[in-house]
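Okay, so here's the structure we're looking at.
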Amino acid sequence: MIKVRASPNIAFIKYWGKERTSDPQRVNWALNPSLSLTLSRAQTLTQLEFVEADKDSVVIDKLDASTRDCAKIRTHVERVCIALGKPIPRALIYRSDNNFPTAAGIASSASAFAALTWAVLGCLMGRERAEEWIRLNPRRVSEFCRWGSGSACRSAGGPYMLWRDEAASVQEFPLKLRDTVIIVSRQKKSVSSRDGHEAALSSPLLTQRLTRVESRLARMTEALRSQNLAVFGALLEEEALEMHEVARQGTPSVEYWTEDTRRVLSTLREMTNRDFYFTLDAGPNVHIISTRDVRRDLTEILDKLGIRAELWEDESGDCPQFI
Ligand code: DP6
């Protein structure tokens, strides 16, 4: 049996909108490049075994998985086996547990499919040969992760990952950033990111966004390289607001924010001389990116607003590991 742990990532430049395709090689093919920070404290622990049984056993966060999730896992395992010219296993025993609240706005599909990809390679090759193969084929592994979930290709390495075309590659920047998530809601997100990507295609803002995103990425990369936190932060916020506006103007309109999200964001935007900056994934929770511990600052803000929200503090991390 193979055990793996993998961490999710938070996107600074977002993957929002993917190609409509029936070509399996172009599944989850983003319309634009994206840049992210891989986390470390938040982890998915996955166990996988290939067995001679009649049916798969799939347990996610201690519950039997839905038929849809079972099918997604089986499809992913089969795709990786086929890509490597290996036989498809008769049955799987799959268990995965997140140590962070699933659907708390931390993309669990990213760590889940990164962990699963590692686990399949471990089952096919044995742990040591898999480690070696992964070291020699980092883009290929990231591409496998992408087939399961687009953002998973960026959890194949760290601390920073740039996803362009089929896969993501590691980027090194001198800034050591952390992500403190203000969990304003633990509810499952109202619209899945899959449906969000689809709705984005109908948004009149998308074309304009796609012409701007490459230059924003270049400026953000330069800001990270030169450790210019203020420039980085301004671009980070502009990007997050744009992604959510694209979502809002799609058909159907997708609104991920709650009243508390709005109140937190407007308080942050009114503050002068901030050295921490926000971004949001496809959900209501606010990710604060900073170089220092900002828990006290955030607790003060939340207390003033009378909002009871948990904080999840995370730091930069690396590729998945066999355990
Ligand atoms: C808003 O990777 O969850 O978090 O490819 O359909 O699985 P699928 O989508 P997913 O989309 C993530 C969207 C995002 C932005 C990002 O992580 O870049």
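With only alpha-carbon atoms in the gyration tensor, what are the semi-axes of the equivalent ellipsoid for the stretch 74-148, in Å, largest first?
Details: eigenvalues 94, 43, 27 Å².
Gyration-tensor ellipsoid for the stretch 74-148: 22, 15, 12 Å.
Hey, what number do you get for the chain at 222 nm if only DSSP H runs of n ≥ 4 count, each worth -39500 (n - 2.57), divided across all residues, to the nearest 500?
Details: 9 runs with 127 residues, N = 323.
Value at 222 nm, helices only, nearest 500: -12500 deg cm²/dmol.
Given the alpha-carbon gyration tensor of the stretch 236-323, what are the semi-axes of its equivalent ellipsoid in whole angstrom, ordered largest first, with each equal to the square root of 5 times an eigenvalue? Please report the intermediate quantities before stating the final value.
Numbers: eigenvalues 99, 85, 34 Å².
So the three semi-axes of the stretch 236-323 are 22, 21, 13 Å.
Which whole-angstrom value gives the distance between the alpha carbon centres of the stretch 205-236 and the stretch 8-72?
The two parts, judged by their Cα centres, are 27 Å apart.
Just to check, using Stokes-Einstein with a Kirkwood Rh over alpha carbon pairs, what's the diffusion coefficient of the stretch 172-249 at 4 °C and 1.567 mPa s in µm²/s? The partial results should precede the final answer.
Numbers: Rh = 14.5 Å.
For these conditions, the coefficient is 89 µm²/s.
Rg and Dmax of the stretch 131-208 over Cα atoms: what are they, in angstrom?
In Å, with Rg to one decimal and Dmax whole: 15.9, 46.
If you take the square roots of the eigenvalues of the alpha-carbon gyration tensor of the stretch 174-323 and sort them as a ≥ b ≥ c, do you get rounded (a/c under 1.5), prolate (a/b over b/c) or oblate? Mind showing how you got there, number by number?
Details: a/c = 1.42, a/b = 1.14, b/c = 1.25.
Rounded, since a/c falls under 1.5.
Based on Cβ point charges of +1 for Lys and Arg and -1 for Asp and Glu, what charge dipole magnitude is obtained for the stretch 10-73 about its Cα centre, in debye rounded to the nearest 20?
Numbers: 9 positive and 9 negative charges, 103 e Å.
Using Cβ point charges on Lys, Arg, Asp and Glu, the stretch 10-73 gives about 500 debye.
Taking the Cα centre of the chain as origin, work out the dipole magnitude from +1 charges on Lys and Arg Cβ and -1 charges on Asp and Glu Cβ, in debye rounded to 20. Numbers along the way, then the final one.
Numbers: 45 positive and 43 negative charges, 66 e Å.
That gives the chain a dipole magnitude of about 320 debye.
Across bins of 20 angstrom width beginning at 0, how are the C-alpha pair distances of the chain distributed, in whole percent?
Reading upward from the zero bin: 33, 58, 9, 0.
Against the globular-protein guess of 2.2 N^0.38 Å, express the Cα radius of gyration of the stretch 1-55 as a ratio, rounded to two decimals. Please report the intermediate quantities before stating the final value.
Values: Rg = 16.3 Å, N = 55, 2.2 N^0.38 = 10.1 Å.
Rg over 2.2 N^0.38 Å, computed on Cα atoms: 1.61.
So how many Lys-Lys pairs in the stretch 1-147 land under 25 Å Cα to Cα, not counting same-chain pairs under 8 apart?
For the stretch 1-147, the number of qualifying lysine pairs is 10.
Could you list log10 I(q)/I(0) for the stretch 1-137 at q = 0.12 Å⁻¹, which the Debye formula gives when each Cα is one point scatterer?
Evaluating at q = 0.12 Å⁻¹ gives log10 I(q)/I(0) of -0.51.
Read-outs throughout are calculated quantities, based only on the coordinates presented, and are distinct from any laboratory measurement. All figures in this text were calculated on a predicted structure; none of them were measured in a lab. Virtual Cβ from ideal backbone geometry, glycine too; neighbours counted across all protein chains shown.
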